[in-house]
Amino acid sequence: MITFSIVTITYHAARVVQPTLDSVLMQRHPDVEHLIIDGASQDDTLRLVEDYARRSEEMHNGHQVMICSEPDKGIYDAMNKGLARATGDYVCFLNAGDRLPEAGTLERIAAEAESLGDGRRPAVLYGDTDVVDEEGRFLFHRRLSPPDKLTWRSFRRGMLVCHQAFYARIDMARATPYDLRYRFSADVDWCIRVMKKAEADRAALHRVPGVVALYLREGQTTEHHRESLQERFDVMRRHYGLATTLLMHGWFVVRALIRKIKS
């Protein structure tokens, strides 16, 4: 049976972390390892996380909850700690406030991978994302939708797969740790590099039909929007070249203007 490592990064996340924990706790799929990498929070985050670990153990649901709380060098350093500790077949980063949409989400993802036969498992399993508020209320379907045939070149048009909906095979993920030069956009760079390695190894990228992640509409990237855009431009330039990046960003500006006029 396919095993999953879900990595949740927390730092003073008591206000938003509970729905994330509950969404993993309710998963019917038994082979789940939930790694909570905390940056030495001083609020109620650890109390909530430890209570969650106790509830999971009492349920005998087959899940394993592991907690690490210590200072780090930022969110991507914490994600690299999660990668180093993960033991599942696939790893996914589900941060505080984000959540799995239904109790059968991991079952559905695993079934898709298993349906491909006994050959080599896909390098990446990916799906759609809905955006929600803090109460879990649906706001809108994520504007950028993943194509049926995804390659690393697809991200020239933007991050078509949300980070939380990107399940990387553990060997691919560990071979491409997050680049700590980036403070806000290392996730974009990481996804591209994982897909590049998949292409080099002739490993498939497989779409899972439907929504596989609920994304909380807030966060560090939203708070640091300008810096994030600057970093994303650099990521795009490194992977796709300056000319292509300038051309695509020109189209992004035109598209935004068209949407603004229509609204």
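The values are calculated or read from the model by the stated rules, or taken from the named source; none is laboratory data. Computed from a predicted model, the values in this text were never measured in an experiment. Note that we place each Cβ from the backbone using ideal geometry, even for glycine, and neighbour counts take in every protein chain shown. For the accessible areas, the whole protein counts, side chains as well, though only heavy atoms, and no ligand, DNA or RNA atoms are used. Shrake-Rupley method; radii C 1.70, N 1.55, O 1.52, S 1.80 Å.
At 0.36 nm per residue, and after removing the present C-alpha to C-alpha distance, how many nm does the segment from ASP234 to GLU50 gain when stretched out fully? Mind dumping the intermediate values first?
Values: separation 184, 0.36 × 184 = 66.24 nm, distance 3.91 nm.
Between ASP234 and GLU50, full extension yields an extra 62.3 nm.
Share of antiparallel DSSP beta bridges in the chain, in percent to the nearest 5?
Values: 9 of 34 bridges.
That works out to approximately 25 percent antiparallel.
Sorting check: for 136-148, 40-52, which peptide has the highest mean count of neighbouring beta carbons within 10 Å, and how do the rest follow? Don't jump to the answer; show the numbers that get you there.
Working: 136-148: 12.2, 40-52: 16.4.
Packing proxy ranking, top to bottom: 40-52, 136-148.
Which value, in Å², gives the accessible area per residue of the stretch 181-246 when a 1.4 Å probe is used on the protein heavy atoms?
Values: 3490 Å² over 66 residues.
For the stretch 181-246, the per-residue accessible area is 53 Å².
Round to a whole angstrom and tell me the spacing of the C-alpha centers of the stretch 170-218 and the stretch 87-126.
So the two Cα centres are separated by 13 Å.
When the accessible area of the chain is computed with all protein chains present and a 1.4 Å probe, what percentage of it is carbon and sulfur?
About 53 percent, which is the carbon plus sulfur part of the accessible surface.
Before rounding to the nearest 500, sum -39500 (n - 2.57) across all DSSP H runs of length at least 4 in the chain and divide by the residue total; then give [θ] at 222 nm in deg cm²/dmol. Numbers along the way, then the final one.
Working: 9 runs with 107 residues, N = 263.
Result for the chain, helices only: -12500 deg cm²/dmol.
Per residue, how many Å² of accessible area does the stretch 26-102 show with a 1.4 Å probe? If you can, show how the numbers build up before the last one.
Numbers: 3440 Å² over 77 residues.
On a per-residue basis, the stretch 26-102 sits at 45 Å².
So, in Å, what gap is there between the alpha-carbon centers of the stretch 1-55 and the stretch 127-168?
If you average the Cα positions of each part, the centres end up 22 Å apart.
Which shape class applies to the stretch 65-142: rounded if a/c is under 1.5, otherwise prolate when a/b exceeds b/c and oblate if not, where a ≥ b ≥ c are the square roots of the Cα gyration tensor eigenvalues?
Values: a/c = 2.23, a/b = 1.11, b/c = 2.01.
It comes out oblate by the Cα gyration axes.
Which of rounded, prolate, oblate describes the stretch 122-226, given a ≥ b ≥ c as roots of the alpha-carbon gyration tensor eigenvalues and a/c under 1.5 marking rounded, otherwise prolate only if a/b is larger than b/c?
Working: a/c = 2.01, a/b = 1.33, b/c = 1.51.
Oblate is the answer for the stretch 122-226, as a/c is 1.5 or above yet b/c matches or exceeds a/b.
Please say if the stretch 97-169 is rounded, prolate or oblate, where rounded means a/c under 1.5 for a ≥ b ≥ c the square roots of the C-alpha gyration tensor eigenvalues, and otherwise the choice is prolate for a/b larger than b/c and oblate otherwise?
Details: a/c = 2.69, a/b = 1.28, b/c = 2.11.
Here the stretch 97-169 falls in the oblate category.
How much of the DSSP beta bridge set in the stretch 108-240 is antiparallel, as a percent to the nearest 5? Before the final figure, lay out the partial values.
Working: 6 of 14 bridges.
Roughly 45 percent of the beta bridges in the stretch 108-240 run antiparallel, per DSSP.
Could you please report the charge total around ASP77, scoring K, R as +1 and D, E as -1 over all other residues with beta-carbon less than 14 angstrom from its beta-carbon?
Working: positive: LYS73, LYS81, ARG85, ARG181, ARG183; negative: ASP38, GLU70, ASP72, ASP179, ASP187.
That works out to 0.
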